[in-house]
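The values are calculated or read from the model by the stated rules, or taken from the named source; none is laboratory data. Since we're looking at a predicted model, the values are computed, not measured. Note that we place each Cβ from the backbone using ideal geometry, even for glycine, and neighbour counts take in every protein chain shown. Ligands, DNA and RNA are excluded from the accessible area calculation, which covers all protein heavy atoms including side chains. Shrake-Rupley method; radii C 1.70, N 1.55, O 1.52, S 1.80 Å.
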Amino acid sequence: MTAVRLVSSVVLLVLMQSGVFCARRFRGGRNPQPRRAPPSPAYRDRADTTESFPLDFTAVEENMDNFMTQVKNLAQSLYPCSAQKLDYDMKLHLLENTSVTCNDGSPSGYYLKESRGSRRWLIFLEGGWYCFNKENCDTRYETMRRLMSSSKWPQTKTGTGILSPLPEENPHWWNANMVFIPYCSSDVWSGASPKTDQSKHSYAFMGSLIIQEVVKDLLSKGLDNAKVLLLAGSSAGGTGVLLNVDRVADLLEGLGHTAIQVRGLSDSGWFLDNKQYHCTDCVDNVSCSPTETIRRGIKYWGSVVPEECRLTHEGEEWNCFFGYRVFPSIKSPVFVVQWLFDEAQLTVDNIQLTGQPVQEGQWRYIQNLGIELRNTLKDVPAMFAPACLSHEVITRNYWIDVQVKGTSLPRALHCWDRSLHDSNRNNKAPPKGCPMHLIDSCPWPHCNPTCPTIRDQFTGQEMNVIQFLMHMGFDVQKMAQQQGMDPAKLLGMLSSGS
């Protein structure tokens with residue numbers, strides 16, 4: 001208790017000193033910039049108002065200097081006028097093992113921002129579609145070379161969303177060691193095939209090996225002392241998390257680092273192998289059905305999939321790229337974030353949301369997509385699924401604003417963290433008042449008022465919910481009749497997000 005009182009006194013003293021310094025700096029000066037307006041009261045997360053910034057108290061037991069570093073970082077983050085300017089950028093490190101490369105044979109690498117004193121690490125896998133034969137890989141190399149080569153990567157990168165070092169943008173992970181792995185393998189982070197010759201049409205596909213090498217590199221930079229490693233990713237990176245989280249856990253265990261708790265966070269990577277709205281010839285990523293793309297890609301990339309899933313689907317390993325099929329075989333804890341009306345899923349399903357209003361058949365298809373996704377997610381213990389039309393969220397600056405049933409995504413992730421911490425202490429009961437299985441029940445895109453803003457792709461103008469639904473071909477009169485209510489009342493409910 002004496003140590004706790006001492007720590008509390010030190011924290012208070014540091015914060016008071018920072019506060020006095022700020023008061024002197026701002027007296028007579030301009031007011032700081034106001035924050036964005038919060039989400040509507042109906043979707044506010046009441047528990048957010050009592051949250052505090054997490055400090056790693058294991059450092060108190062082991063090293064008081066490390067803990068004091070965290071305290072100073074906290075004070076500096078809370079008071080931007082503090083004397084010492086923090087370096088928020090992640091810095092580029094190319095892999096020491098130069099045989100593990102990007103598509104074009106250039107060295108792969110990662111961006112790192114260390115947080116000394118913290119034993120939490122977040123490794124993020126970037127997304128960016130894929131290519132699955134020589135022709136569309138050649139096109140990708142000409143038009144999106146950054147996703148196939150490290151030759152033009154900048155030396156620094158600023159983290160946003162869950163990679164942000166600012167507590168107001170990232171309330172629970174701001175003080176973690178942040179790692180961003182750029183996507184340059186075009187293989188959904190699954191490949192294990194080196195470049196075979198020097199001809200310009202030959203490519204390496206080494207996404208799975210890149211993750212392994214980055215983890216090995218990081219062990220000498222402090223990961224060896226980690227308590228928690230969160231492997232996160234968006235889009236193709238989100239699918240990459242499902243394919244690789246157990247491989248990372250097995251790698252660390254094999255190297256003797258059994259105390260590191262490996263977890264996964266998959267954002268917008270839970271795709272369905274459903275039937276397209278219109279079947280077309282398989283020419284590129286957009287025209288190909290999801291299953292046909294992966295069938296072709298898995299051979300071209302020399303993909304590695306989780307062993308248990310491979311044995312379950314032997315000869316049809318492409319199944320392991322679809323979340324609901326691979327999830328039952330994953331041993332590590334995984335939190336799934338998925339928009340119920342994912343734009344990338346609709347794109348590969350040949351649903352076009354630009355130009356003319358959506359036809360009735362397309363509208364039914366879109367609603368059925370939401371129903372199908374809900375069904376595949378119902379047995380996932382930790383998940384966040386808003387009824388929005390969007391793609392990717394955890395690195396967006398608005399990720400703290402989207403809510404499901406009154407709970408924000410950062411809050412849900414914090415509840416998940418707490419549940420895993422408690423279960424490691426043999427307390428199996430989930431934290432009370434701390435939900436982490438959150439899925440919208442309303443039936444159409446953007447029926448959740450905290451969804452990201454939609455803009456008309458032609459005019460750039462923002463659309464409200466009613467304008468968007470009318471654009472989608474939503475028949476207010478017909479829906480009101482089905483619900484047994486007055487059309488004006490239904491319009492009012494839509495406007496308020498009810």
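Counting Lys and Arg as +1 and Asp and Glu as -1 over every other residue whose Cβ lies under 14 Å from the Cβ of Cys447, the net charge comes to +1.
Which FRET efficiency value, to the nearest 0.05, do you get for Thr98 and Lys134 by plugging their Cβ-Cβ distance into 1/(1 + (r/R0)^6) with R0 = 30 Å? Rounded to the nearest 0.05, the efficiency is 0.75.
Using θ = phi - 60° in the Karplus curve 6.51 cos²θ - 1.76 cosθ + 1.60, the 3J(HN,Hα) couplings for the stretch 265-271 round to 9, 9, 10, 6, x, 9, 8 Hz; x is entered for Gly and Pro.
If R0 is 51 Å, the Cβ-Cβ spacing of Leu311 and Thr143 corresponds to a FRET efficiency of close to 0.85. Taking 7 Å steps out from each Cα toward its Cβ at Cys442 and Cys279 produces label points 3.6 nm apart.
Length gained on full extension, Glu168 to Glu360, computed as 0.36 nm times the residue gap minus the Cα-Cα distance: 64.9 nm. Tell me the net charge near Gly233. Cut-off is 12 Å between Cβ atoms, Gly233 excluded, with +1 for each Lys or Arg and -1 for each Asp or Glu. Charge balance in the 12 Å sphere: -3.
As a fraction of the 1.4 Å probe accessible area of the stretch 193-262, surface on carbon and sulfur atoms comes out at 49 percent.
Estimated at 0.36 nm per residue, the fully extended path between Glu114 and Met485 surpasses their Cα-Cα distance by 127.9 nm. Relative protection proxy for 134-141, 268-275, 382-389, from highest mean packing down: 382-389, 268-275, 134-141 (other beta-carbon atoms within 10 angstrom).
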